[in-house]
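Written out below as structure tokens is the structure these notes cover.
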Amino acid sequence: MVRNYLMLYPDIYSSLRSGIVNISSLARDIHDKFPEYSISSIRYTLNKISSETAEKGTSRGYLEELLGRSKITLQDKIAVVTTSRPINVKYLSATYLQDSIVYIVDELRVGKIEVGTSGQVERDVSAIHILSPKEIERVPGFVMRITERLFSAGINILQLISCSNETIIVVRRSDGIRAYEALTL
């Protein structure tokens, strides 16, 4: 039950594994939600989980190392185009959803974007492009670490595309520099 609870709260799990959680306080919080379990058994389980050695590739330090080895760029003058049918446009990324297609386009290369009544164009956005080492394909939590950093900086993610070792995050243009700094500092 404790492990299932922690799966719902990856930030708490990560902090527990890093040793920065008050285990007694967390045990009381969990006990409030699951009073059928004793606080001592919950605390025992939390202590056991916190003492487990993280495997290489799952520790916060290793995720930070991978992020540090990633090439991160900020691109302004982009737009997000959402249409119900394919359009002829040069794009940086295209995502085919069940009922729409989302294109991320470079406004400087595309010029005027015609979508007619079948779509919408969202401007005033920036893209953070992250090209990471190929080993992130086998590392759980890498994208979560990126989103944690942006969350901590108070930045909303408008679009997130992650495939293989490339991640593209679209944010408001006004948040672009802060998002870049949150990922590179």
Discussion item. Show me the helices (runs of 4 or more DSSP H) entirely contained within region 1-103 in which 3 or more residues are of a type in the set (Gly, Ala, Ser) and modelled with pLDDT of 90 or more.
Written reply: 23-33
Response to the item:
Note on region 165-185: residues open to solvent by 60 Å² or more (accessible area, probe 1.4 Å) and either among the basic types (Lys, Arg) or outside any helix (DSSP H, G or I) (or both) are GLU166, ARG172, ARG173, ARG178, LEU185
Item to complete: From ILE130, ILE49, ILE101, grab the single residue that is under 22 Å from LEU183 (Cα atoms), hydrophobic (A, V, I, L, M, F, W, C) and open to solvent by less than 20 Å² (accessible area, probe 1.4 Å).
Response: ILE130
Worksheet item: For region 69-82, does any single residue satisfy the condition of being within 19 Å of GLN159 (Cβ to Cβ), open to solvent by 40 Å² or more (accessible area, probe 1.4 Å), charged (D, E, K, R) and within 25 Å of the chain's Cα centre (by Cα)?
Response: yes
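For region 136-147: of the residues being part of a helix (DSSP H, G or I) and either among the hydrophobic types (A, V, I, L, M, F, W, C) or at pLDDT below 90 (or both), which is surrounded by the most Cβ atoms within 10 Å (Cβ to Cβ)? So that I can check it myself, show each step before the final result.
Keep residues of region 136-147 that are part of a helix (DSSP H, G or I), which gives 136-138, 142-147.
So of that shortlist, the ones also either among the hydrophobic types (A, V, I, L, M, F, W, C) or at pLDDT below 90 (or both) come out as 136-138, 142-146.
Working: ILE136: 23, GLU137: 11, ARG138: 8, PHE142: 23, VAL143: 17, MET144: 14, ARG145: 18, ILE146: 25.
If we take residues in region 136-147 being part of a helix (DSSP H, G or I) and either among the hydrophobic types (A, V, I, L, M, F, W, C) or at pLDDT below 90 (or both), then ILE146 is surrounded by the most Cβ atoms within 10 Å (Cβ to Cβ).
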Fill in: Residue ID - modelled with the lowest pLDDT, chosen from residues in region 106-118 that are closer than 13 Å to ASN88 by Cβ and surrounded by 15 or more Cβ atoms within 10 Å (Cβ to Cβ)
VAL110
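The values are calculated or read from the model by the stated rules, or taken from the named source; none is laboratory data. Remember, it's a predicted structure, so these values are computed and weren't measured experimentally. Cβ coordinates were reconstructed from backbone atoms using ideal geometry, including for glycine residues, and neighbour counts include every protein chain displayed. Accessible surface areas use protein heavy atoms only, side chains included; no ligands, DNA or RNA. Shrake-Rupley method; radii C 1.70, N 1.55, O 1.52, S 1.80 Å.
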